[in-house]
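Asker: Shown below is the structure under consideration.
The values are calculated or read from the model by the stated rules, or taken from the named source; none is laboratory data. Just so you know, these numbers come straight off a predicted model, no measurement behind them. Every residue, glycine among them, receives a Cβ derived from its backbone with ideal geometry; neighbour counts consider all protein chains shown.
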Amino acid sequence: MLIAFSVENFRSYQDRQELSMLAGSGTELMGNTLPVKDVAALASERVLKAVGIYGANASGKSNLVTAIDTFSGIISLSAKESIPKDVFPVSAFALSAQARRKPTRFSATFVVENVLYEYTAAMTRARVEFEQLIAFPKKVPQELYRRSCNADGKPEWHFSRTHFRRDKELERRTRPNSLYVSVGAQFNHELLSKVYEFFVELDIREPRSADDEFRIAAERCLRSRSFREWAGGVLRGADTGIESLIAKAADVMDQIPSDVRRQMPPSLIKRLRKQPQPMIEAVHRVPGSKRLIRWSFGRESDGTKQLFSLLGSYHDTIRGGGTVVVDELDDSLHSLLSRTLLQMVHDPKMNPKGGQLIFTTHDTTLLDPTLLRRDQIYFTERSSAGATRLYSLLEYMPRKDEALQKGYLAGRYGAVPFLGELRFEPEKASELRTKH
């Protein structure tokens, strides 16, 4: 369970900005929150099941998703033995000379096995500058370990004398361009492995991975009858016209032109035949009758295919109590389908283990006080210096029944594009073409 994530000096984020999943004091839509009584440090708190992030284009929404993805990827990558020196895919805030000389810093607060942890790491592209793991078995924080660089670039280590056993062999194996938590997981350190697994199991979905998402969902349909029936039920309830789904294993060779097949070596053909591809068909009912017909899922609308693609993540990660991060939730999705996804997350029957959804969107119809609490809405806005500010709707103290969509579009909460007068002057355009 993710409690908070912060980023500093990464892409459009110059100063530290934080996204918090802790619920505010509002009492509306309590089903959108989750009690965490089993976590001693959060016994009096509630955690949000979903948070939506709004903002103008180029305001930093996608950069926040990329920051979470980058942090998770660095933790996974730095556990490997052979990696290049200039390894970390971090990019400091480019519009400030001072920021370009500083490391990028990520921090996440999360729950593993009913204990609250805070993990922070700061790095340049070449090396780790700072790393720290803090545990909150109760309310009082316990620093388990801390690593920093001295003036010569050498690591300096500090370990808890009572709560974390020092392992000098792991220290020796931790290179300047690797994280101690990752190295510990590589060598099966019990606690560090749990921290590592939390990050690498974050499910980050960006628009460019849509084809992979569809394939994953299709493969799950082929392997699991229960998932296929569940996904078909969701699509049916979302009024897509689909009654159910059929999954079949298709021979890859049947999809390759015969002239190409004749030139392929027998060993490759044999290997491909052992890797059948899932073929999904949608079953529809003929209007006004009981007759059913079916066709390839490829004939469905982009929105229906996008919804189906997301169901793989929802079923595996959210129903398992994990966290899914989706960039552009409304990409190819009708507003009603986006609402369906949010309702699934908020429904304790559909989300029995308290899985979480973090998403960016431009869909203002979701700014509905009957769907989202006020603390579930965040905004991103670029300053005059080009830096992103991430802030909660709660900063504006809106009323419970306030018309949020209307207020947002009117610019009451910021985070909307400033559109000046758009003019086209043919004479000047002609002059430019002449000069060039």
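Asker: Residue pairs, Cβ under 8 Å, 6 or more apart or interchain, first in the range 96-124 and outside the structural domain of Glu45 (by TED's automatic domain parsing), second surrounded by 15 or more Cβ atoms within 10 Å (Cβ to Cβ) and in a strand (DSSP E or B). List them.
Answerer: No pair meets every condition.
Asker: Any residue at all in the range 321-332 that is touching a helix residue (DSSP H, G or I) at 6+ places or on another chain (Cβ under 8 Å), in the same structural domain as Met1 (by TED's automatic domain parsing), at pLDDT below 90 and not acidic (Asp, Glu)?
Answerer: Yes; the residues of the range 321-332 include at least one that is touching a helix residue (DSSP H, G or I) at 6+ places or on another chain (Cβ under 8 Å), in the same structural domain as Met1 (by TED's automatic domain parsing), at pLDDT below 90 and not acidic (Asp, Glu).
Asker: Restricting to the range 37-59, what's the tally of residues that are in contact (Cβ under 8 Å) with a residue 60 or more places away in the chain, touching a Ser or Thr at 6+ places or on another chain (Cβ under 9 Å) and under 16 Å from His346 (Cα atoms)? Quick ask: steps written out before the conclusion?
Answerer: In the first step, residues of the range 37-59 are kept if they are in contact (Cβ under 8 Å) with a residue 60 or more places away in the chain; the result is 38-42, 47-59.
Add one more test, that the residue is touching a Ser or Thr at 6+ places or on another chain (Cβ under 9 Å), and what stays is 47-49, 51-56, 58-59.
When the remaining residues are screened for being under 16 Å from His346 (Cα atoms), the result is 47-49, 51-52.
Count: 5.
Asker: Here is a further query. Determine the pairs where a residue that is surrounded by fewer than 18 Cβ atoms within 10 Å (Cβ to Cβ), located within the range 180-192, has a partner that is of a type outside the set (Val, Ile, Thr) and in a helix (DSSP H, G or I) with Cβ atoms under 7 Å apart, the partner being 6 or more residues away or on another chain.
Answerer: Phe187/Leu170
Asker: For a quick check of your reading: which strands (runs of 3 or more DSSP E) sit entirely within the range 210-315 and have at least 1 residues that are within 28 Å of Ser338 (Cβ to Cβ) and among the aromatic types (Phe, Trp, Tyr)?
Answerer: Values: elements: 242-250, 277-285, 292-296.
Because the criterion is at least 1 residues that are within 28 Å of Ser338 (Cβ to Cβ) and among the aromatic types (Phe, Trp, Tyr), the strands (runs of 3 or more DSSP E) in the range 210-315 that meet it are 292-296.
Asker: Ala108: within 19 Å of the chain's Cα centre (by Cα), part of a strand (DSSP E or B) and among the hydrophobic types (A, V, I, L, M, F, W, C), yes or no?
Answerer: On the way: within 19 Å of the chain's Cα centre (by Cα): yes; part of a strand (DSSP E or B): yes; among the hydrophobic types (A, V, I, L, M, F, W, C): yes.
Answer is yes for this residue.
Asker: Hey, another quick one. It is to be established whether one or more residues within the range 161-171 are under 27 Å from Ile3 (Cα atoms) and either at pLDDT 95 or above or among the hydrophobic types (A, V, I, L, M, F, W, C) (or both).
Answerer: Checking the range 161-171: at least one residue is under 27 Å from Ile3 (Cα atoms) and either at pLDDT 95 or above or among the hydrophobic types (A, V, I, L, M, F, W, C) (or both).
Asker: Can you list the strands (runs of 3 or more DSSP E) found entirely within the range 22-99 that contain at least 2 residues being over 30 Å from Leu170 (Cβ atoms), under 19 Å from the mean Cα position of the chain (by Cα) and at pLDDT 95 or above? Let's see the steps before the verdict.
Answerer: Values: elements: 33-35, 46-48, 50-55.
So the answer is 46-48, 50-55.
Asker: Count, please, the residues in the range 1-21 that happen to be in a strand (DSSP E or B) and within 19 Å of Ile134 (Cβ to Cβ). First the steps, then the outcome.
Answerer: Pass one, the range 1-21, residues in a strand (DSSP E or B): 2-8, 10, 13, 17-20.
After this cut, where a residue has to be within 19 Å of Ile134 (Cβ to Cβ) as well, the list is 2-8, 18-20.
Number satisfying all stated conditions: 10.
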